[in-house]
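Below: the structure, in structure tokens.
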Amino acid sequence: MSVTWTAEQVLALSPDAGSAKRGRSLAHTAKWPLLGKSTRAIWGECQGSGKKPYRTVIDLDVDLGGPAFRCSCPSRKFPCKHAIALFLLYTEQTSFIEGNPPDWSAQWLEKRKQTATQTPSAKPTADPVEQAAQAQKRLTKREAKVAAGLEDLDQWLQDIIRRGLADLPSQPYSFWDQAAARLVDAQAPGLARRVKELAGIPHAASAATSSNRKDGWPGKMLKALGQLHLLVQSYQNLSQLSPAMQAEVRSQIGFTQTKDNLHQRAEQSDPLVLSLSDTWQILGKVITEEDALKTQRVWLWGLQSRKAAMVLSFAHGRRQPLDASLAPGACFNGRLIFYPGTGQQGTGHRALVAERTTVPEVYRDSIGEALIEEAIAHYARSLSQNPWLTRAPMALSQVLLRYGNSSWWIQDSTNKVLPLSPTFSQGWELLAMSGGRELAVFGEWDGEVLLPLSVWSEKKFMALEA
């Protein structure tokens, strides 16, 4: 099954702004002596500076995890500039000759199909009782390591508070990395990540103490330390918590839930696992990279349920691509399964896509809240359910873009304002698009600033770089 793509959706797949710019510069038929398409794929040859043209092919079949990209160029980015250019030309639906793919693309396409449809080789069936016993043994061993790691973390936190915060800006990164490494050894990766993030607070926050933060870095550090302490205490008193809160705490610690197990729990009508069918609009995505691990957050909005969901995916190394099948601006009818946890499930909670059928794009100007005060109240309710919430989706339907004090803001009809993230760099472009009129904005709110991920005005959708 293929999808109808727009230029905005294609550019949203670009790994960075530079690749998008170079892709646009190559999106001219004069540079492509060969352009072909079939019901499943598109391909082309782009003439470069060498004798041989670069051969590019894109598998569009979403049932096989598409779009997927292959190019003979040496670029380590996915998609490369040639793939972006070919895709942009395809959105114009001109100059493509319909037929069978050439051998150099057909072989790759067939291999992808075989990989997706092949049946795993049969393995000896293990004794389910023995499997369960082994799994419980591994879990018990891990829980003991986590408990010991949390005791060590609690002592480390107490030492920081006892000494005070004044010397934290002068601490080397090894001070934080060593504490995080001990938690990795204790098999508590969620806590390790939070400890590593503490290192940047004294430096990043102090540089932005100005207009957006009244308390500066000490206030933000105390908040982060308090959240860590609360997480330690919650795990140490896990049996006293509700089942949903137990699931949330274990998730924050770093206990993972496999997709197969989540599907099984949904089929068994587990009350902690919500399954929700709707028409889902893909509103934005954020890609971050740390230590060769790329993380992608894709945000969805249910047009009937008016609920948000986040689909999380990972890729290791430079040559492993992220899932590109959920492109901002697209819509699909489908069913999501939400991971167990606290809060109003389906309002920004992590989910996986269990079923989907692509439908034409639909943009509704009424999405989200009309007033900033309402959106903040919604965020407060989510925070009361999950005190470790680091970011939440925020949708505002009628706001104006404002610029002042070298910063971008949004303003609603009651003149309430919210600051936009200092990393947001498309303010003037967005202002030109709106023509000074009201916009619908979707983004991530971290309690201090909003990072816009997409906007639409008069049914024109625009995915933003994050």
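The values are calculated or read from the model by the stated rules, or taken from the named source; none is laboratory data. Values in this document were obtained by computation on a predicted structure and should not be read as measured data. Here Cβ is always computed from backbone atoms with ideal geometry, including for glycine, and neighbour counts include all displayed protein chains. With ligands, DNA and RNA removed, areas are computed over all heavy atoms of the protein, side chains included. Shrake-Rupley method; radii C 1.70, N 1.55, O 1.52, S 1.80 Å.
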Check: Which value, in Å³ per residue, describes the convex hull spanned by the Cα atoms of segment 216-347?
Finding: 157 Å³
Checklist line | segment 38-121 - accessible surface per residue (Å², probe 1.4 Å) | finding: 56 Å²
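State the percentage of accessible surface on segment 379-466 attributable to carbon and sulfur atoms; use a 1.4 Å probe and exclude ligands, DNA and RNA.
Carbon-and-sulfur percentage of accessible area, whole number: 49.
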Checklist line | Intensity falloff of segment 377-466 expressed as log10 I(q)/I(0), Debye formula with alpha-carbon point scatterers, at q = 0.23 Å⁻¹ | finding: -1.20
Check: If you count, for each residue, the other Cβ atoms within 10 Å and average over each peptide, how do 368-374, 134-140, 155-161, 305-311 line up from highest to lowest?
Finding: 305-311, 368-374, 155-161, 134-140
Item checked: Difference of contour (0.36 nm per residue) and Cα-Cα distance, residue 260 to residue 291 -> 8.4 nm
Next item on the list: Calculate how steeply helix 81-91 sits against the longest principal axis of the alpha-carbon atoms of the chain, using the helix alpha-carbon long axis, and give the answer as 0 to 90 degrees to the nearest 10.
Entry: 70 degrees
Next item on the list: Whenever you get a sec, compute what percent of the accessible area on segment 238-321 sits on carbon and sulfur atoms (1.4 Å probe).
Entry: 49 percent
Checklist line | residue 16-residue 98 pseudo-label distance in nm [points 7 Å out on the Cα-to-Cβ vector] | finding: 4.0 nm
Check: Taking a spot 7 Å from the Cα of residue 142 along the direction of its beta carbon, which residues of segment 176-196 have an amide N less than 15 Å from it?
Finding: 184-192
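May I ask you to derive the FRET efficiency for residue 381 and residue 30 from their Cβ-Cβ distance with R0 = 41 Å, giving the value to the nearest 0.05?
0.15
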Next item on the list: Please compute P(r) over all alpha-carbon pairs of segment 392-432, binned at 5 Å starting from zero, and give each bin as a whole-number percent.
Entry: 6, 20, 33, 29, 11, 1
Notebook entry, point to check: To the nearest Å, what is the center-to-center distance of segment 286-314 and segment 46-78, using C-alpha atoms only?
Noted result: 25 Å
Item checked: Distance cut-off 17 Å, percentage of C-alpha pairs in segment 221-274 lying past it -> 48 percent
Item checked: segment 126-277, accessible area per residue, ligands and nucleic acids excluded (1.4 Å, Å²) -> 57 Å²
Next item on the list: Please give the peptides 33-45, 324-336 ranked by average Cβ packing (other Cβ atoms within 10 Å per residue), highest first, as a rough proxy for protection.
Entry: 324-336, 33-45
Note to self: For segment 9-58, report the % of Cα-Cα distances exceeding 16 Å.
What the structure shows: 50 percent
Checklist line | Compactness of the chain - radius of gyration and Dmax, Cα, Å | finding: 24.2, 73
Margin query: Run the Debye formula on the Cα coordinates of segment 6-147, all scatterers equal and no solvent, and tell me log10 I(q)/I(0) at q = 0.09, 0.18 1/Å.
Written below: -0.42, -0.97
Notebook entry, point to check: Rounded to the nearest 0.05, what FRET efficiency is calculated for residue 417 and residue 129 with R0 set to 45 Å and r the Cβ-Cβ distance?
Noted result: 0.15
Notebook entry, point to check: Using alpha carbons only, what's the Rg to Rh ratio of segment 153-196 with Rh from Kirkwood?
Noted result: 0.98
Notebook entry, point to check: Which shape class, rounded, prolate or oblate, goes with segment 49-91 when its Cα gyration tensor gives a ≥ b ≥ c as root eigenvalues, a/c under 1.5 marks rounded, and past that a/b bigger than b/c marks prolate?
Noted result: prolate
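Where the convex hull is taken over the Cα atoms of segment 354-428, what is its projected area averaged over directions, in nm²?
7.8 nm²
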